[in-house]
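Just below is one structure, and these are the notes that go with it.
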Amino acid sequence: MANYYDIDGILVEEEFVPVVFQKAINGVKIDESTEKGYVEQGSKTELPFWLAQELHMRQAVSIRVPACFNQKTRLEIQADAACVDLRSRCPYFYEFGCKLAPLCDKSIGLLLSYAFRIRYKEVLHKAHTTAFAAASKFLMLLTKEETYMYEAAQSSMAAFKKWRMGGPRLQRASILGRKRKPAE
Amino acid sequence: MAGQSDLNMSLFSPEEIEFMAEDELVEIVPNLRMDSLNFICGDYGPFHPQLAAQVPLWLAVALKKRGKCTIRPPQWMSTESLAQVLELERDSHAFQPLPFHYLEISRLLFDHAREDIPDMYMVRSLIEDIRDVRFHKVETNLEKFTASTVTWKNMSAMEVNIIRAFAGRALQAFYKHDNEQQAPDTDRMLDKQPQIPADRPKHNLKPR
C-alpha cells in the first residue's frame, strides 16, 4: 500500500460508499433523472471512496456504513468467519475496511481483525496441504489479500517439492541428443 | 543479500538455498596428492591420499564427481543420531538442533555420494520423517502466531524459506489490523493528505 502506483491501492478507493450530503451543492447532478441543477441537503447517493473521502474532509458529506460491513455480514462473520464469501461482498474487504473505519464506524477495525484471525487459520491449513483442484472452491471465498497469501504459500511449497523430487540436475543440450542419432 | 529468482519480493528459490548450503564444510578423504587450493573463500589443502581434509561441500562434490575422493558423511547424518533426533522431535514442541542446511546437505550427498553413506535408504527415510514432523510443527506454530513477538529456535534454512512469503504477508496484515484497532487515527481528519500511512505514529509490537 506504500506504493503510489499500487494497482490494488487504487482499486480499493474505487469501492462505492453510501453518503448523505450535509450541504446543498450547486452545479452538480448526482442523478440524471432530476431536473434540478443542484444537490439538496440530506440527499443520499453512492460515491467512490476517493471522492467521498475528500468531500468528507470538507464536511460536505457524511459517510454511511457500506453493505459489506452491515449488520448481516457482521453476524455471518461472528457465526463462522471462515465460510463467509467476502470476495463477492468486497474483494478488498480488509484494505477498504481499514480506510473506512476512521471515517464512519470505528468498530469496523475490530471486525476486520476478528475476521482475519479466523480466516488466516483456514488459509494456512488449505495452502500447505490441499491440492490445487480441490482448493478452487475455497479460493472463491477469499479476498484479494487472502488470495495473495494463499498463492505465496502454494508457490513456495510447490517450488520446494519440485526441488526435493530433483530430477536431472544437468539439462542435456538438445544438440547432444541429435548428434548420436545418425550413428545408430 | 537478496534472491535472484524473484525481483520484487526478494525471495529465495530452493536452488538458491542449496547454493548457499554448498559453502558448508565437510570432511573428505582424498585419493590424490595435490597442493593447497587458494580461493576467495579460503585456502584448502594440501591434500594427501588417505588423510582427511575439510573442504566446502561444492569442492567435495566436484572432487567426488571426478573420483578423486570419498566424502565422510557428517556426524549428525548417522542413523543413530538421526533416530534420536526424530524421537526427540516427536516428543517435544521445540525444534531439535540440526545443521541450518540439513535438508540441502543431505540432498546433495544423496545425489552425489550415495556409496559413501552407510545405510543410505535408512538415513534418507529418517531425514524425510524428521522433515515431515518438523514441518507439521511449523504449521501448528504458524497457527498460533499473531502480531506479537515470534521466537522459534533452530528452524532450518529451507523451512524458513517455505513459509517466508506467506508468513511475511500474514504478519504484515496482523500488524496492520492490530494497529488500526489500537489507534484509530483521528489525525486523518485534520490532515489534508488523504494517504498518510507514512506519518502515522509507529507503535511498537507489544506481546499480548
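Mind checking which residues of the stretch B:23-33 are open to solvent by 50 Å² or more (accessible area, probe 1.4 Å) and more than 29 Å from B:Ala157 (Cα to Cα)? Those that are open to solvent by 50 Å² or more (accessible area, probe 1.4 Å) and more than 29 Å from B:Ala157 (Cα to Cα): B:Asn31, B:Arg33. Restricted to the stretch B:47-76, and to residues there that are farther than 14 Å from B:Val26 by Cα and open to solvent by 60 Å² or more (accessible area, probe 1.4 Å), the residue that is nearest to the chain's Cα centre (by Cα) is B:Lys65. Taking the criterion of being in a helix (DSSP H, G or I) and open to solvent by 10 Å² or more (accessible area, probe 1.4 Å), the residues of the stretch B:87-98 that qualify are B:Glu87, B:Leu88, B:Arg90, B:Asp91.
Every condition in (1) under 14 Å from the mean Cα position of the chain (by Cα); (2) surrounded by fewer than 20 Cβ atoms within 10 Å (Cβ to Cβ); (3) within 14 Å of another protein chain (Cβ to nearest Cβ) holds for B:His101 except the one numbered (2). What number of residues within the stretch A:101-130 satisfy the criterion of being more than 7 Å from chain B (Cβ to nearest Cβ) and more than 18 Å from B:Gly168 (Cβ to Cβ)? The total comes to 14.
Of A:Cys98, A:Cys68, all but one fail to be away from chain B (no Cβ under 11 Å) and in a helix (DSSP H, G or I); the exception is A:Cys68. If you go through the stretch B:104-119 and keep only what is within 22 Å of B:Glu22 (Cα to Cα) and open to solvent by 20 Å² or more (accessible area, probe 1.4 Å), you end up with B:Arg107, B:Asp111, B:His112, B:Arg114, B:Glu115, B:Asp116, B:Pro118. Within the stretch A:6-30, being among the acidic types (Asp, Glu) and touching a residue at least 40 places away in the same chain (Cβ under 8 Å) holds for A:Asp8, A:Glu13, A:Glu15. Checking each residue in the stretch A:25-48 for being at pLDDT 80 or above and open to solvent by less than 70 Å² (accessible area, probe 1.4 Å) picks out A:Gly42, A:Ser43, A:Thr45, A:Leu47, A:Pro48. Screening the stretch B:134-150 for residues that are surrounded by fewer than 18 Cβ atoms within 10 Å (Cβ to Cβ) and over 28 Å from A:Glu95 (Cα atoms) and picking the one that is nearest to the other protein chains (Cβ to nearest Cβ) gives B:Phe135.
When the stretch A:156-184 is filtered for residues that are open to solvent by 70 Å² or more (accessible area, probe 1.4 Å) and either in a helix (DSSP H, G or I) or at pLDDT 65 or above (or both), the ones remaining, listed by number, are A:Lys161, A:Lys162, A:Met165, A:Ser174, A:Ile175, A:Leu176, A:Arg178, A:Lys179, A:Arg180, A:Lys181, A:Pro182, A:Ala183. Within the stretch A:58-97, restricting attention to residues that are open to solvent by 20 Å² or more (accessible area, probe 1.4 Å) and of a type in the set (A, V, I, L, M, F, W, C), the residue that is modelled with the lowest pLDDT is A:Cys83.
The values are calculated or read from the model by the stated rules, or taken from the named source; none is laboratory data. Remember, predicted model here, so these are calculated numbers, not experimental data. Here the Cβ is made from the backbone with ideal geometry for all residues, glycine too, and neighbour counts use every protein chain on show. When the accessible area is computed, the model is the full protein with side chains, heavy atoms only, and any ligands, DNA or RNA have been set aside. Shrake-Rupley method; radii C 1.70, N 1.55, O 1.52, S 1.80 Å.
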